[in-house]
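Each remark here refers to the structure printed beneath this line.
The values are calculated or read from the model by the stated rules, or taken from the named source; none is laboratory data. The model shown is predicted, which means the values in this text are computed figures rather than measured ones. Please note: Cβ atoms are built from the backbone with ideal geometry, for glycine as well, and neighbour counts cover all protein chains shown.
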Amino acid sequence: MSDERKTDLTGDLGLDAFFSAARDDTPMPSGDFMARIEADALAALPAKSQQAPVSIPLWRQVLVAIGGVPGAAGLAAACVAGIWIGVAPPQSLSEIWSQSAGLEAYEVDPLSGFDLAMLEG
Amino acid sequence: MPYDAMNEHDDEELLLAFAGGNAAAARALTGRLGPRVFAHAMRMLGDRAEAEDVAQDALLKLWRIAPGWRVGEAKVTTWLYRVTANLCIDRIRKRRGGPNIDDVPELADESPSAVDQMQQKSRAEALQNALNALPDRQRQAVILRHIEGLTNPEIGQIMDIGPRAVESLTARGKRALEALLTGRKAELGYEDDE
């Protein structure tokens with residue numbers, strides 16, 4: 001076998017033929033095995049409800065919509081941070097807010113809506 | 001409920017129904033996951049009896065954790081592949097030394113179509129024997145990537161490593177497979193396909 005031929009045979013294409021053969025030759029389980037694992041599954045079936053329908057519960061749909069457990073954790077953290085900033089705003093934030101009074105010079109009143117609501121009681 | 005009626009539900013939905021005591025979901029999950037877990041164990045171990053034991057064990061673990069399954073955290077199949085592979089690796093490390101690359105059967109002198117089938121079969125067997133000779137982690141990565149067809153990030157989750165480490169493992173595994181198989185390609189009819 002020439003070096004060139006050997007290089008060709010050991011290329012990706014060569015292995016692909018083997019992988020393809022392996023995919024076509026998927027090991028199939030025996031009927032006995034399938035019966036055994038089905039019996040296991042039925043024996044392990046929780047007995048707390050007789051026939052739980054296969055449906056997606058609302059809480060799960062919401063959880064999935066917000067990105068699963070990590071999404072829920074992020075949302076909870078954001079809520080806690082929001083409440084905390086509202087109850088005890090950091091000093092630096094107050095300083096920035098007080099400087100915003102200068103905005104009036106530009107005829108911008110960031111509190112106008114809030115003031116109006118307070119006046120209406 | 002017939003199996004077909006469950007096709008619209010993904011594995012996680014069926015597992016939640018299983019946790020709620022739904023027998024049809026148990027049957028559907030068994031039919032869906034059993035062959036897949038068995039095939040993976042078979043490819044990892046190269047031994048039917050051991051693969052059946054491991055697959056049964058992995059599924060039993062799944063049934064046990066079903067009531068506490070944390071939704072959206074991992075795919076059911078990812079969890080199963082991980083458990084199955086770990087059980088396989090435990091067995092491989094206990095036994096050490098399985099079938100050899102030289103155990104590939106000789107081709108029979110049959111009609112062309114039968115020969116083609118034999119060649120396909122022999123290739124699969126030769127690959128399995130070569131896989132058996134690989135280090136555990138390389139074998140696992142190559143099987144998941146090139147036979148099961150999973151993506152590198154999925155394999156990374158199963159093996160608890162990064163995608164680049166997966167690439168490295170599969171590359172090394174493939175190089176080793178090439179080295180093991182090169183000497184056998186001609187007799188397996190590989191050259192006829194060129």
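Of the listed requirements (1) touching a Cys at 6+ places or on another chain (Cβ under 9 Å); (2) within 13 Å of A:Ile37 (Cβ to Cβ), B:Ala55 misses just one: (1). So which pairs qualify, if the first residue must be in the stretch B:23-50 and under 19 Å from B:Glu125 (Cα atoms), the second must be part of a helix (DSSP H, G or I) and basic (Lys, Arg), the Cβ gap must be under 7 Å, and the two must be at least 6 apart or on different chains? Close Cβ pairs (under 7 Å, with a partner that is part of a helix (DSSP H, G or I) and basic (Lys, Arg)) amount to B:Met42/B:Arg48; B:Met44/B:Arg139; B:Leu45/B:Arg91; B:Glu50/B:Arg91. Checking each residue in the stretch A:27-36 for being assigned to a loop (DSSP other than H, G, I, E, B) and crowded, with 16+ Cβ neighbours inside 10 Å picks out A:Pro27, A:Pro29. Among all positions in the stretch B:34-50, there is no residue which is surrounded by 17 or more Cβ atoms within 10 Å (Cβ to Cβ), facing chain A (nearest Cβ under 10 Å) and among the acidic types (Asp, Glu).
Restricted to the stretch B:56-65, and to residues there that are surrounded by 22 or more Cβ atoms within 10 Å (Cβ to Cβ) and at the interface with chain A (Cβ under 7 Å from one of its Cβ atoms), the residue that is farthest from B:Arg93 (Cα to Cα) is B:Trp63. Do we have any residue at all in the stretch B:74-84 that's without any contact (Cβ under 8 Å) to a residue 60 or more places away in the chain and not in a helix (DSSP H, G or I)? Taking every residue of the stretch B:74-84 in turn, none turns out to be without any contact (Cβ under 8 Å) to a residue 60 or more places away in the chain and not in a helix (DSSP H, G or I). Taking the conditions exactly as written (in a helix (DSSP H, G or I) and modelled with pLDDT under 95), does B:Asp102 satisfy them or not? Yes; evaluated as a whole, the condition is true for this residue.
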